[in-house]
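First comes the structure, then the notes that go with it.
The values are calculated or read from the model by the stated rules, or taken from the named source; none is laboratory data. Owing to the predicted nature of the structure, the values given are computational and were not obtained by experimental measurement. Cβ atoms come from the backbone with ideal geometry, glycine included; neighbour counts cover every protein chain shown. When the accessible area is computed, the model is the full protein with side chains, heavy atoms only, and any ligands, DNA or RNA have been set aside. Shrake-Rupley method; radii C 1.70, N 1.55, O 1.52, S 1.80 Å.
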Amino acid sequence: MAGNIITIIGGKGGVGKSQVAANLAFAYAAEIRAKTLLLDFDQKACGDQNIITGLKSKKNLKELSEFAGAIDPRSIQLFTTDHKAGVSFIGMPTEPIAATQVNEEGLGKVLKAMTNLYPVIIIDGGCDLTPLTLKALEFSTLIFIVVSPDLLAVNQSKRMYTDLVTMLFPKDMIQILVNQAVNGHPVSPDVIGKQIGKPVFHAIPRDDASCIAALSRSVPVMVGGKGPFSSGVTDCVRKLVQKNVLKTLEKIAKPQDVGAAAAGASKEGPSDDKKRDMWTELKSRVHKSLVEEMDLKKQDDNDPKAKIILREQTKKMVVELLGKEETKNVLGTREDMNRIVKEILDEALGLGPLEDMLADKTISEIMVVGPKKIYFEQKGKVRKSEVTFTNDRQVMNVIERIVAPIGRRIDEKTPYVDARLADGSRVHAIIPPCAIDGCVITIRKFPDKRLDYKDLVKWGSMTEGMADFLRISVEAHRNMVVSGGTGSGKTTLINMLGGFIQANERIITCEDSAELNFPQDHVVRLETRPPSLEGDGAIDIRCLVKQTLRMRPDRIVVGECRGGETLDMLQAMNTGHDGSMTTVHSNTPRDAISRLETLVQYAGVGLPQKAIKEMIASAVHMIIQQSRLDDGSRKVLYITEIGGMQGEVITLQDIFTFKQEGMGKDGKIIGKFMASGFIPKFIEKLEAKGYKVPRGLFNNG
């Protein structure tokens, strides 16, 4: 029959927690007339148990945690020191640095094996919920929080009790043990119980004389003689034994269905599909009850402290609501409990199943297609996620939670929206009736750290020489169009180019959803606005570009040209705002020219085709073609200069290109960046002004 583990912890230091733990082990050995094991898990007060018991283990807890062999009666003798009173002891390393190096995972495996060797194991768990202490609590049958009749100790014990309940340890498993109790003291056990919110299990009388005498002789109080303290500890043990407390708690503390499948038990248990449905139904019921109990809409999105407090309050409420539900067939382990609490919290306060993906730095894009299909892009490859939404309503709630803080709206009248998250990630959502299979969300994540040219060179998107040339081009006020397909990295590239702009220039950006993030101080950021409920008040990109011309810009940066604003952008480039930038969707530099021609016609001014071409040839100096290749990598395929008009055709001259040579065994594209050898016309003009531009940039050597 497996033994039980009792872990002793304290809300604060000075409550006599280590003294209680040691003497509890000796009292148990005397009461049940069997060997007990005392383990010191207190990393802060390492070595205290050596003094209290007068014992020093042959090997310490750190060495035990690193032991690779099997734990049996013979091997355990290598670590323990035995007391004639029937207690075996393994202590913490006395060196503080060594104490912090104890492997809690290794000890977890050891604890499981030790319950087969000892009927009772007492662990001194310290006064902090460290990873090591939590590992002990995971395997414990009973947790004693030791508290003294002191208001500060009571307050800290209340905090610890609340933390344990929030961590989903059953309330019956946690008991309050009062140490140093004094008759007639204003902070009585009843007062302590009311303050903590849990009745006191037992009170041990104050006995300074016996405790001090025992410590001075390095002998446990239980061994040194009789007194109020030793009688109190003995009474506590007898109460545990006579009332079969540990046997009762075994069923609560250790889930019954762990490993049931391996044991061949209960073929009548719910199937995986049935369990998933029960899981979803349980989440829905608890979420509904949570909304009825708490007003979750009152959260202040701009106050981080208020968010933390609200999350903790909500977490406690979720735990209470789950306690009222029948969860036996759904939640078998504490990990299940932790997971369902997190999922409910994410749904109630965050973006539901998207929260973990948003936190994952390796995921660059998240794509939701209805409640049951979530895809994500990781390292350039698209994969399907195992997590799903509960229903369409939950997806809609996530969309509303995204758009509300930035003043956007989405409904049947306007079933689509562009928005952004607090971290700057771009969001597009479209809902039924336009989206047939349910609400669709597309989130383009951006890195926390602003990427610069060094990052792009390191990732193989361009060479150092290409980056130097682009820096020279930006500083020389060349008008640039970044061209590429969806997800090719146009925004990242234009952010990098913006970083080359001199700090003394005034930059104005115009975007549908603010994504550009330039390092300069003098940046004016403008964003479009959708129409109001009445259908008026809309402000589009074209309107913003016109406004910038009255705001004394040195450079105008348009996030993307996709309509009539292209005409205004070209006119701005032609009228003294050199060095401006924009992006367009196209596959090659030649396609980018055709795309610009088409977009100018959207302005509806009826310009002849030749006039449009002449405007483009005069306004745009360079086209940078960015593409995402088959292996998921993003590269600058062309840096091309516009040379003017020859008859009816705009001339293009490639300066740098990427030449693909094949595919490696690992699926990665093999190729190299090539310089054409052509020297751009503006380089000669710069050199005439006194700039020194290394001609080696344009050679493949």
Going through (1) in contact (Cβ under 8 Å) with a residue 24 or more places away in the chain; (2) farther than 26 Å from Asn587 by Cβ; (3) crowded, with 17+ Cβ neighbours inside 10 Å one by one, Arg552 fails only at (3)
Pick from the range 47-70 the residues that are farther than 21 Å from Leu111 by Cα and not hydrophobic (A, V, I, L, M, F, W, C): which of them is least open to solvent (accessible area, probe 1.4 Å)?
-> Thr53
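Conditions tested, residue by residue: (1) open to solvent by 60 Å² or more (accessible area, probe 1.4 Å); (2) more than 24 Å from His428 (Cα to Cα); (3) free of Cβ contacts under 8 Å to residues at least 12 places away in the same chain; (4) of a type in the set (Val, Ile, Thr).
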{"position": "Met496", "(1), (2), (3), (4)": "no, no, no, no"}
{"position": "Ile508", "(1), (2), (3), (4)": "no, no, no, yes"}
{"position": "Gln520", "(1), (2), (3), (4)": "no, yes, no, no"}
{"position": "Ile539", "(1), (2), (3), (4)": "no, no, yes, yes"}
{"position": "Arg542", "(1), (2), (3), (4)": "no, no, no, no"}
{"position": "Thr548", "(1), (2), (3), (4)": "no, yes, no, yes"}
Go over the candidates Ala34, Ala21, Ala25 one by one and state the one that is in contact with a Phe, Trp or Tyr (Cβ under 9 Å, 6 or more places away or on another chain) and surrounded by fewer than 18 Cβ atoms within 10 Å (Cβ to Cβ).
-> Ala34
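Rundown of residues vs (1) under 24 Å from Asp591 (Cβ atoms); (2) hydroxyl-bearing (Ser, Thr, Tyr); (3) buried (at least 22 other Cβ atoms within 10 Å of the Cβ), yes/no style:
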{"position": "Pro432", "(1), (2), (3)": "no, no, no"}
{"position": "Ile436", "(1), (2), (3)": "no, no, no"}
{"position": "Lys449", "(1), (2), (3)": "no, no, no"}
{"position": "Lys458", "(1), (2), (3)": "no, no, no"}
{"position": "Ser461", "(1), (2), (3)": "yes, yes, yes"}
{"position": "Val482", "(1), (2), (3)": "yes, no, yes"}
{"position": "Gly485", "(1), (2), (3)": "yes, no, no"}
{"position": "Phe500", "(1), (2), (3)": "no, no, no"}
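Here's the yes/no breakdown for (1) closer than 20 Å to Asp48 by Cα; (2) within 32 Å of the chain's Cα centre (by Cα); (3) modelled with pLDDT of 90 or more:
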| residue | (1), (2), (3) |
| --- | --- |
| Leu111 | no, yes, no |
| Phe144 | yes, no, yes |
| Pro149 | no, no, yes |
| Val154 | no, no, yes |
Name the single residue, out of those in the range 606-625 being open to solvent by less than 10 Å² (accessible area, probe 1.4 Å) and of a type outside the set (Val, Ile, Thr), that is farthest from Phe673 (Cα to Cα).
-> Ala619
Condition met for Ser210 (open to solvent by 40 Å² or more (accessible area, probe 1.4 Å), touching a Gly at 6+ places or on another chain (Cβ under 7 Å) and more than 23 Å from Lys171 (Cβ to Cβ)) | no
So is Phe469 in contact with a strand residue (DSSP E or B) (Cβ under 8 Å, 6 or more places away or on another chain), touching a residue at least 60 places away in the same chain (Cβ under 8 Å), open to solvent by 30 Å² or more (accessible area, probe 1.4 Å) and under 30 Å from Arg506 (Cα atoms) or not?
-> no
Looking at (1) modelled with pLDDT under 90; (2) open to solvent by less than 50 Å² (accessible area, probe 1.4 Å); (3) among the polar types (S, T, N, Q); (4) within 23 Å of Val474 (Cβ to Cβ), which is the one condition that is false for Thr575?
-> (2)
